[in-house]
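Undergrad: Right, I'll just put the structure down here and ask away after.
The values are calculated or read from the model by the stated rules, or taken from the named source; none is laboratory data. Since the model is a prediction, treat every value here as computed from it, not as a measurement. Here Cβ is always computed from backbone atoms with ideal geometry, including for glycine, and neighbour counts include all displayed protein chains. Note: areas computed on protein heavy atoms with side chains; ligands, DNA, RNA excluded. Shrake-Rupley method; radii C 1.70, N 1.55, O 1.52, S 1.80 Å.
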Amino acid sequence: GALVYQYPRRTICKSGTSMRMECQAVGFQATSVAWYRQSPQKTFELIALSTVNSAIKYEQNFTQEKFPISHPNLSFSSMTVLNAYLEDRGLYLCGARDLEVFFGKGTRLTVV
Amino acid sequence: GQQVQQSPASLVLQEGENAELQCNFSSTATRLQWFYQRPGGSLVSLLSNPSGTKHTGRLTSTTVTKERRGSLHISSSQITDSGTYLCAMGVTEGADRLTFGKGTQLIIQP
């Protein structure tokens with residue numbers, strides 16, 4: 001079956017440091033990958049959408065300078081949170097699409 | 001921008017009762033998708049339908065696109081159904097850009 005793995009599942013980083021998270025599609029080829037964030041007490045917000053052979057599109061309030069994304073092939077994507085601060089804490093979800101969208105279990109980021 | 005409103009914010013029911021969750025959205029959606037968020041945060045996709053009615057097990061999703069609303073019906077609720085239910089809309093066919101509602105917290109009591 002189609003699965004999306006995200007790792008790490010949980011991570012803690014010091015304020016001002018950076019943290020990289022990964023998203024792996026298994027059993028299908030992800031033609032696009034969307035990264036979402038759920039901040040405490042909020043719903044999921046789309047950070048950016050990465051489509052094969054197209055530029056990565058960032059949503060308002062999210063920039064490549066802060067959340068650089070790599071999508072080198074149809075089964076893997078990574079995103080880094082640069083200079084993480086308290087407002088960056090939350091659950092980061094990766095959604096990978098083939099014929100439908102499959103979500104990973106997320107990476108929970110705590111900033112101390 | 002697009003908005004998704006879910007109601008009620010929370011719902012407490014006795015085991016065996018039916019649950020009705022509502023979702024209203026601000027733009028013409030080509031896809032409405034319901035998710036269950038586990039306590040640890042991971043999402044489980046429940047149903048996705050742009051219009052009409054779709055069933056799976058005890059779940060029924062109904063979307064009335066013209067009226068920009070959808071609903072999720074859970075019949076004969078069980079304690080294990082407790083959790084957060086999220087509604088998300090997509091505005092372009094095949095797009096991955098989902099806009100999520102804030103969710104309904106469902107609590108099923110014995």
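Undergrad: Taking segment A:70-83 only, how many residues are touching a Phe, Trp or Tyr at 6+ places or on another chain (Cβ under 8 Å) and within 14 Å of another protein chain (Cβ to nearest Cβ)?
TA: Matching residues across segment A:70-83 total 1.
Undergrad: Exactly one of these conditions fails for A:Tyr92: (1) more than 14 Å from chain B (Cβ to nearest Cβ); (2) under 27 Å from A:Ser15 (Cα atoms). Give me its number.
TA: Failed condition: (1).
Undergrad: For residues that are surrounded by fewer than 19 Cβ atoms within 10 Å (Cβ to Cβ), within 14 Å of chain B (Cβ to nearest Cβ) and more than 19 Å from A:Tyr85 (Cβ to Cβ), tally how many sit in segment A:30-55.
TA: 4
Per-residue answers, yes or no, for (1) in contact (Cβ under 8 Å) with a residue 12 or more places away in the chain; (2) open to solvent by 40 Å² or more (accessible area, probe 1.4 Å); (3) more than 13 Å from the chain's Cα centre (by Cα):
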| residue | (1), (2), (3) |
| --- | --- |
| B:Leu13 | yes, no, yes |
| B:Phe25 | yes, no, no |
| B:Phe35 | yes, no, no |
| B:Arg68 | yes, yes, yes |
| B:Val91 | yes, yes, yes |
| B:Ile107 | yes, yes, yes |
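Undergrad: Continuing with the same structure: B:Gly52 is checked against (1) free of Cβ contacts under 8 Å to residues at least 12 places away in the same chain; (2) within 14 Å of chain A (Cβ to nearest Cβ) and fails just one. What number does that condition carry?
TA: Of (1) free of Cβ contacts under 8 Å to residues at least 12 places away in the same chain; (2) within 14 Å of chain A (Cβ to nearest Cβ), only one is false for B:Gly52: (2).
Undergrad: Still on this structure, please answer the following. Determine whether A:Leu86 is among the aliphatic types (A, V, I, L, M), open to solvent by 10 Å² or more (accessible area, probe 1.4 Å), within 11 Å of another protein chain (Cβ to nearest Cβ) and out of contact with any Cys (no Cβ under 6 Å at 6 or more places or on another chain). Spell out the reasoning first.
TA: Values: among the aliphatic types (A, V, I, L, M): yes; open to solvent by 10 Å² or more (accessible area, probe 1.4 Å): yes; within 11 Å of another protein chain (Cβ to nearest Cβ): no; out of contact with any Cys (no Cβ under 6 Å at 6 or more places or on another chain): yes.
So A:Leu86 fails the test.
Residue by residue, here is whether (1) among the hydrophobic types (A, V, I, L, M, F, W, C); (2) at positive phi holds:
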position	(1), (2)
A:Gln6	no, no
A:Ser39	no, no
A:Thr51	no, no
A:Lys57	no, no
A:Asn61	no, yes
A:Phe67	yes, no
A:Val81	yes, no
A:Tyr85	no, no
A:Arg97	no, no
